[in-house]
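Enquirer: Sharing a structure here in structure tokens format.
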Amino acid sequence: MYAAFRSIGAYVPEKILSNSDLETMVDTTDEWITKRTGIKERHIAAIDETTSDMGVNAAEKAIARSGLSKDEIDMLICATISPDYFCMPSTATIIATKLGLGKVMAFDISAACTGFVYALNIAKAFVESGMKKNVLIVGAERLSAITDYSDRGTCILFGDGAGAAIISATEDKSKAIIDVHTGSDGSFADLLMTPNGGSGSIHDELDREAAGCFMQMKGNETFKVAVRTLTNDVVEILEQNNISSSAIKHFVPHQANYRIIKAVGDALALHEDQVVLTVEKYGNTSGASIPMAINDIYESGRLQEGDLMLLDAFGGGLTWGSALVPFAGKNI
Ligand code: UT7
């Protein structure tokens, strides 16, 4: 049995936070943000819109496009670092119930911006083992809830949104996800973290107000590790599978920073038509960024059945992952 990437969906909240809005909030400029990151705007969830709400909207689209009925979905994985509730219940169980999926196995994973690729790897393993037939994987983030809007080093980057995909069993090898690589290195944990709120930190009530509950990032150090790791990772997965970069129809990297994406694309000698870019309009949506980008090429008609995608992600942990994925769904 093989695992196929059957369908995609995404949801983008309505409200836009532009670079000029940020100019009024912190000491920054549209010119600096555009030049250093490629971001022009990001979307922000409404006050009463949760991570699970956004995940549900994305999942509804992925399910509708899969042609499956909801009772055929037998597992749900949600990748998020901004869950509805810390610790429990998981955002996945809430999404499953809001969707009406019944009593399926549902759980969250925490791998930051690599979360969707980790979820893909887990779904692939469950499907290939024959334990599950149709796995819904969701990347959903309300990063605005954990962003410090007085820190210009992070608040210019992050946005909210969700993406979802269905990974289904198939006997057709030509539709199979070819390979998924995943890795981590906790010795870099301090580069990108939310230092407070977990059981690793003991804090009094006053600390709850402190910035320790928000994301903190050593941006420039993270940038350098990101370029090195992402490049090594994609070179390795292509070499190990004997696939040349010219065979990649869509390179779908995590949308953290245009300069990182450009450096990795150049290292693989990719043509700009092969590189999927959404960072300009969505910013960095962590675990949601790759499925939101795949959905963009789907909805614009660029993604067709059989197209080979190369996914590449990197994030807090540090974690990283890449995947060689033929699109096994039909387009509109
Ligand atoms: O998604 C998971 C992984 N995350 C990433 O991969 C993100 C990686 N990092 C980045 O994208 C970039 O490092 C940033 C966009 C966060 C920062 O860009 P940079 O080119 O690495 O800038 P920097 O941190 O080296 O700072 C350069 C200067 C500093 O000023 P001085 O010390 O040279 O006077 C900063 O204080 O730019 C300053 N600066 C800003 N200036 C205007 C930092 N943030 C801003 C800002 N507006 N928003």
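Values in this text are rule-based calculations from the coordinates and carry no lab data. Owing to the predicted nature of the structure, the values given are computational and were not obtained by experimental measurement. Don't worry about glycine lacking a Cβ; one is built from the backbone with ideal geometry, like all the others, and counts go over all protein chains shown.
Enquirer: Which residue is nearest to K15 (Cα to Cα), if the candidates are limited to segment 109-152 and must be among the β-branched types (V, I, T) and crowded, with 24+ Cβ neighbours inside 10 Å?
Expert: First, the residues of segment 109-152 that are among the β-branched types (V, I, T): 109, 114, 117, 122, 127, 135, 137-138, 146-147.
Then keep just the ones that are crowded, with 24+ Cβ neighbours inside 10 Å; that gives 114, 117, 127, 135, 137-138.
Details: T114: 25, V117: 27, V127: 37, V135: 30, I137: 25, V138: 21 Å.
Only one residue fits best here, namely V138.
Enquirer: Could you please give the count of residues in segment 248-263 that are aliphatic (A, V, I, L, M), within 16 Å of the chain's Cα centre (by Cα) and away from the ligand (no atom under 12 Å from the Cβ)?
Expert: So the count comes out to 1.
Enquirer: Pairs under 6 Å by beta carbon, first residue on the phi < 0 side of the Ramachandran plot and assigned to a loop (DSSP other than H, G, I, E, B) in segment 116-130, partner among the basic types (K, R) and crowded, with 23+ Cβ neighbours inside 10 Å, six or more apart or different chains?
Expert: none
Enquirer: Report, ordered by the first and then the second residue, all pairs with beta carbons closer than 6 Å, sequence separation of six or more or different chains, a first member in segment 301-317 that is more than 20 Å from T222 (Cβ to Cβ), and a second member that is of a type in the set (D, E, K, R) and exposed (fewer than 15 other Cβ atoms within 10 Å of the Cβ).
Expert: E305/K330
Enquirer: What about G301, is it over 18 Å from F116 (Cβ atoms) and crowded, with 21+ Cβ neighbours inside 10 Å? Reasoning before the result, please.
Expert: Numbers: over 18 Å from F116 (Cβ atoms): yes; crowded, with 21+ Cβ neighbours inside 10 Å: no.
So G301 does not fit the description; no.
Enquirer: Could you tell me which residue of segment 31-55 is farthest from the ligand (Cβ to nearest atom), considering only residues that are assigned to a helix (DSSP H, G or I) and free of Cβ contacts under 8 Å to residues at least 60 places away in the same chain? Explain how you work it out, then say what you get.
Expert: Within segment 31-55, the subset assigned to a helix (DSSP H, G or I) is 31-37, 51-55.
Of the ones still in play, those that are also free of Cβ contacts under 8 Å to residues at least 60 places away in the same chain are 31-32, 34-35, 53.
Numbers: E31: 9, W32: 4, T34: 11, K35: 9, D53: 23 Å.
Checking each candidate, the answer is D53.
Enquirer: Something else now. Only residues that are among the small types (G, A, S), surrounded by fewer than 19 Cβ atoms within 10 Å (Cβ to Cβ) and either over 19 Å from the mean Cα position of the chain (by Cα) or not in a strand (DSSP E or B) (or both): list them for segment 170-195, please. Give the derivation first.
Expert: First, pick out the residues of segment 170-195 that are among the small types (G, A, S): 174, 176, 183-184, 186-187, 189.
Remaining after also requiring surrounded by fewer than 19 Cβ atoms within 10 Å (Cβ to Cβ): 174, 183-184, 186-187, 189.
Within segment 170-195, S174, G186, S187, A189 meet the criteria.
Enquirer: Next up: Could you list all residues from segment 1-30 that are buried (at least 16 other Cβ atoms within 10 Å of the Cβ), hydroxyl-bearing (S, T, Y) and within 13 Å of the ligand (Cβ to nearest atom)?
Expert: T28
Enquirer: Hey, another quick one. Filter segment 222-247 for residues that are farther than 29 Å from D160 by Cβ, touching a strand residue (DSSP E or B) at 6+ places or on another chain (Cβ under 7 Å) and surrounded by 19 or more Cβ atoms within 10 Å (Cβ to Cβ) and give the result.
Expert: I237
Enquirer: With the structure loaded, tell me whether T278 is within 16 Å of the ligand (Cβ to nearest atom), more than 23 Å from G159 (Cα to Cα), within 19 Å of the chain's Cα centre (by Cα) and without any contact (Cβ under 8 Å) to a residue 60 or more places away in the chain or whether it fails that test. Show your work before the answer.
Expert: Numbers: within 16 Å of the ligand (Cβ to nearest atom): yes; more than 23 Å from G159 (Cα to Cα): no; within 19 Å of the chain's Cα centre (by Cα): yes; without any contact (Cβ under 8 Å) to a residue 60 or more places away in the chain: yes.
No.
Enquirer: Looking at V227, V325, can you tell me which residue is more than 13 Å from the ligand (Cβ to nearest atom) and within 19 Å of the chain's Cα centre (by Cα)?
Expert: Details: V227 fails: more than 13 Å from the ligand (Cβ to nearest atom).
Exactly one residue qualifies, and that residue is V325.
Enquirer: As an exercise: evaluate S82 against (1) surrounded by fewer than 22 Cβ atoms within 10 Å (Cβ to Cβ); (2) of a type in the set (S, T, N, Q); (3) in contact with a Leu (Cβ under 9 Å, 6 or more places away or on another chain) and give the number of the one condition it does not meet.
Expert: Unmet condition: (1).
Enquirer: Another question about this same structure. Of G139, G219, G186, which residue is farther than 22 Å from L76 by Cα and within 13 Å of the ligand (Cβ to nearest atom)?
Expert: On inspection, the qualifying residue turns out to be G219.
Enquirer: Could you check E60 against (1) part of a helix (DSSP H, G or I); (2) crowded, with 17+ Cβ neighbours inside 10 Å; (3) away from the ligand (no atom under 16 Å from the Cβ) and say which number it fails?
Expert: (2)
Enquirer: Among the residues that make up segment 155-163, is at least one of them surrounded by fewer than 24 Cβ atoms within 10 Å (Cβ to Cβ) and of a type in the set (D, E)?
Expert: No, segment 155-163 contains no residue that is surrounded by fewer than 24 Cβ atoms within 10 Å (Cβ to Cβ) and of a type in the set (D, E).
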